[in-house]
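Below: one structure, written as structure tokens.
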Amino acid sequence: MSYYALVPAAGGGARMGAGRPKQYLPLLERPLIWHTLATLCAVPAVARVFVVLAPDDAEWERYDWSAFAGRLEILRCGGATRADSVGNGLKALLGRVAAEDWMLVHDAARACLTVAQVETLIAALGDDAVGGLLAQPVADTLKRADGAGRSEGTVSRENLWQAQTPQMFRHGLLLSALASAPAVTDEAGAVEALGLKPQLVAADATNLKVTYPLDLHLAEIILRDRKQS
Ligand code: CTP
Ligand code: MG
């Protein structure tokens with residue numbers, strides 16, 4: 001049984017509004033995704049890191065990836081949605097990856113992931129029958145809006161978690177889960193639709209997804225702080 005990372009990186013970054021995919025925006029003098037891949041390639045248990053690019057991606061080739069030579073492979077099979085990109089990546093690996101091998105699906109946009117966070121996930125799931133994901137218990141009080149920007153109620157945060165990535169499931173299970181629930185926003189959602197219960201493994205807010213311009217600034221602060229300590 002092996003562990004592989006699969007990194008969907010075929011999005012356009014519309015909410016970032018940078019006019020180009022956010023995975024290539026500069027972050028500490030590297031493209032953002034470089035940091036994501038550096039962490040995944042540094043996890044000894046992960047046999048190989050697969051990156052799913054959009055078929056028409058013209059930026060990847062502009063950068064130097066030699067630091068990851070032998071650890072990294074690109075798959076130019078991104079789709080219209082994140083779930084399509086992940087599903088296409090899983091299909092591309094049929095025959096190379098066994099059904100019971102673990103896939104750690106991780107957003108390219110979560111550039112502050114640490115080796116320790118990945119190792120915590122792998123250790124927590126061990127030989128779990130279902131798999132699971134990094135997540136964080138909701139800390140804030142939650143409000144339900146009326147559609148016009150006014151709060152009409154408070155939602156209990158008890159048992160509510162924010163899903164992160166990596167999300168770790170076996171290749172065979174994940175492929176069939178995504179085939180039967182293609183409209184999900186994460187892998188765990190597809191697995192839940194099969195009636196299974198992915199394990200929630202506590203992470204922290206530093207594993208943020210760079211979505212808006214402020215997130216890029218926060219990611220820079222987090223990475224810079226780590227370099228200095
Ligand atoms: N992703 C992908 N294929 C898509 C859409 C998204 O591989 N068709 C990837 C993104 O590249 C990103 C991850 O899925 O690493 C999480 O998606 P998100 O943060 O939504 O990124 P974008 O879709 O690029 O951003 P936006 O939704 O703002 O356009
Ligand atoms: Mg998106």
message: Which residue is farthest from ligand 2 (Cβ to nearest atom), if the candidates are limited to segment 42-58 and must be open to solvent by 20 Å² or more (accessible area, probe 1.4 Å) and within 27 Å of T120 (Cα to Cα)?
response: P44
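Could you list all residues from segment 189-206 that are part of a helix (DSSP H, G or I) and either under 21 Å from D140 (Cβ atoms) or open to solvent by 60 Å² or more (accessible area, probe 1.4 Å) (or both)? If you could, list the steps in order and put the result at the bottom.
The first filter runs over segment 189-206 and keeps only residues part of a helix (DSSP H, G or I), leaving 189-192.
Within segment 189-206, E192 is the sole residue that qualifies.
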task: Name the single residue, out of those in segment 168-188 being buried (at least 17 other Cβ atoms within 10 Å of the Cβ) and more than 15 Å from the chain's Cα centre (by Cα), that is farthest from D127 (Cα to Cα).
output: L178
- request: Please state which of the following conditions V210 fails to meet, knowing it meets all the rest: (1) over 18 Å from Q117 (Cβ atoms); (2) within 16 Å of ligand 1 (Cβ to nearest atom).
  value: (1)
message: Would you confirm, using the coordinates I've provided, whether E220 is crowded, with 16+ Cβ neighbours inside 10 Å, touching a residue at least 24 places away in the same chain (Cβ under 8 Å) and over 17 Å from the mean Cα position of the chain (by Cα)?
response: yes
message: Just to be sure I understand, how many residues within segment 120-163 are under 17 Å from D204 (Cα atoms) and hydrophobic (A, V, I, L, M, F, W, C)?
response: 12
- request: Output the residues belonging to segment 1-20 that are of a type in the set (S, T, Y) and either within 16 Å of ligand 2 (Cβ to nearest atom) or not in a strand (DSSP E or B) (or both).
  value: S2
- request: For R96, work out the one condition from (1) open to solvent by 20 Å² or more (accessible area, probe 1.4 Å); (2) in contact with a strand residue (DSSP E or B) (Cβ under 8 Å, 6 or more places away or on another chain) it doesn't fulfil.
  value: (2)
- request: Keeping to segment 75-90, report how many residues are touching a helix residue (DSSP H, G or I) at 6+ places or on another chain (Cβ under 7 Å) and within 17 Å of S180 (Cβ to Cβ).
  value: 5
Only listed residue being within 16 Å of the chain's Cα centre (by Cα) and more than 13 Å from ligand 1 (Cβ to nearest atom), chosen from V51, V46: V46
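Can you find even one residue in segment 168-187 that is out of contact with any strand residue (DSSP E or B) (no Cβ under 7 Å at 6 or more places or on another chain) and of a type in the set (D, E, K, R)?
So far as segment 168-187 goes, no, none of its residues is out of contact with any strand residue (DSSP E or B) (no Cβ under 7 Å at 6 or more places or on another chain) and of a type in the set (D, E, K, R).
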message: Among the residues in segment 100-108, are any open to solvent by less than 20 Å² (accessible area, probe 1.4 Å), within 24 Å of L173 (Cα to Cα), within 16 Å of ligand 1 (Cβ to nearest atom) and among the charged types (D, E, K, R)?
response: yes
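One line per residue, one yes/no per condition, for (1) touching a helix residue (DSSP H, G or I) at 6+ places or on another chain (Cβ under 8 Å); (2) among the basic types (K, R):
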{"site": "A123", "(1), (2)": "no, no"}
{"site": "G132", "(1), (2)": "yes, no"}
{"site": "G149", "(1), (2)": "no, no"}
{"site": "Q162", "(1), (2)": "no, no"}
{"site": "P166", "(1), (2)": "yes, no"}
{"site": "A188", "(1), (2)": "no, no"}
{"site": "K197", "(1), (2)": "no, yes"}
{"site": "V201", "(1), (2)": "yes, no"}
{"site": "N207", "(1), (2)": "yes, no"}
query: Say we look at segment 139-167 and pick out the residues that are small (G, A, S) and assigned to a strand (DSSP E or B); which of these is surrounded by the most Cβ atoms within 10 Å (Cβ to Cβ)?
result: A163
query: Of everything in segment 109-138 that's within 16 Å of ligand 1 (Cβ to nearest atom) and small (G, A, S), which residue is surrounded by the fewest Cβ atoms within 10 Å (Cβ to Cβ)?
result: A135
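The values are calculated or read from the model by the stated rules, or taken from the named source; none is laboratory data. Remember, predicted model here, so these are calculated numbers, not experimental data. For neighbour counting, all protein chains shown are included, and Cβ atoms are generated from backbone atoms with ideal geometry for every residue, glycine included. Just the protein is used for accessible areas: all its heavy atoms, side chains included, with ligands, DNA and RNA removed. Shrake-Rupley method; radii C 1.70, N 1.55, O 1.52, S 1.80 Å.
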